[in-house]
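A short reminder: the numbers here are calculations on the coordinates, not readings from a lab. Keep in mind it's a predicted model, so treat the numbers as computed, not measured. All Cβ positions, glycine included, derive from the backbone under ideal geometry; neighbour counts span all protein chains shown.
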Amino acid sequence: MLESEFRHFTMSRQNTRYHCPWEPMIIVGVAGSSGSGKSSVSQEIINLLDLPGASILVMDSFYKTLTPEENAIAHADEYDFDSPLAIDFDVLVKLLRDLKKGLKVEIPIYSFKKHQREPETTPMHPPRVLILEGILAFTDPRILELLDLKIFVEADMDVCLGRRIARDVRERGRTIDSILKQWFKFVKPSYTRYVEPQRIISGT
């Protein structure tokens, strides 16, 4: 079903008129709980589209730079990274608008070990299709105005927790105790308060 929807979506866009490289890109939003499979779905979309110039933009890159006090709180696993307040939506919105205008942008690089942005950035030219992936992808109304398609990804919460543990231990150097602490204090409550309501916005 997912493949047929995307084939219909891209074919309808392609049949309307010729698409020049500088035309506004298509932005697909992918939201859902941590560990729900957003990254896998996003990559599968790229594979199904089979288009040159399709890219994934992960919202984790747009966490705010923490103050020294906030950084200490984060290292104690007491900082809420699952709140909309943790995301620099102003920077993200400007970047998406610039891409829509056909401008080259610089993507921030966020270090989860240091809890701050790196001085380096990753350059990006406007792709034909951009997948915006994040737990809060449908939270900011300014972003909703830019999305051409919205997808909400779901999975059993126990499965999500298992995936998060595996990822954070492997990629972010965290301990299982710290992951569980953050999960029950911030991630699970945030799912109910912020993430799950996005299902209605997505239309699923």
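Against the chain, whose longest principal axis comes from its Cα atoms, helix 2-16 is set at around 40 degrees. Applying a DSSP loop filter and a limit of 16 other Cβ atoms within 10 Å to the chymotrypsin sites (Phe, Trp or Tyr not before Pro) in region 102-148 leaves 112. Modelled this way, with points 7 Å down the Cα-to-C-beta line, the labels at residue 144 and residue 47 are 3.2 nm from one another. Axis angle, to the nearest 10 degrees, between helix 38-49 and the longest C-alpha principal axis of the chain: 20 degrees. Sort out for me the Cα centre separation of region 139-204 from region 40-101, rounded to whole Å. Measuring centre to centre over Cα atoms gives 12 Å. Label positions at residue 167 and residue 58, each projected 7 Å from the Cα along the C-beta direction, are separated by 0.7 nm. Straight Cα distances below 29 angstrom link residue 150 to the lysines 38, 64, 94, 100, 101, 104, 185, 188, with same-chain residues fewer than 8 positions distant left out.
Measuring nothing but how far apart in sequence close Cα pairs (under 8 Å, 6+ apart) lie, relative to its length, the chain scores a relative contact order of 34 percent.
Taking the Cα centre of the chain as the origin, how large is its charge dipole in debye, to the nearest 20, when only Lys and Arg (+1) and Asp and Glu (-1) carry charge on their Cβ atoms? Walk me through the numbers on the way to the answer.
On the way: 27 positive and 29 negative charges, 63 e Å.
Using Cβ point charges on Lys, Arg, Asp and Glu, the chain gives about 300 debye.
Relative to the longest principal axis of the chain, what angle (0 to 90°, nearest 10) does the C-alpha long axis of helix 157-172 take? On a 0 to 90 degree scale, this one is about 80. Simple spin-label estimate for residue 70 and residue 94 gives 1.6 nm between the two label positions (7 Å along the Cα-to-Cβ direction from each Cα).
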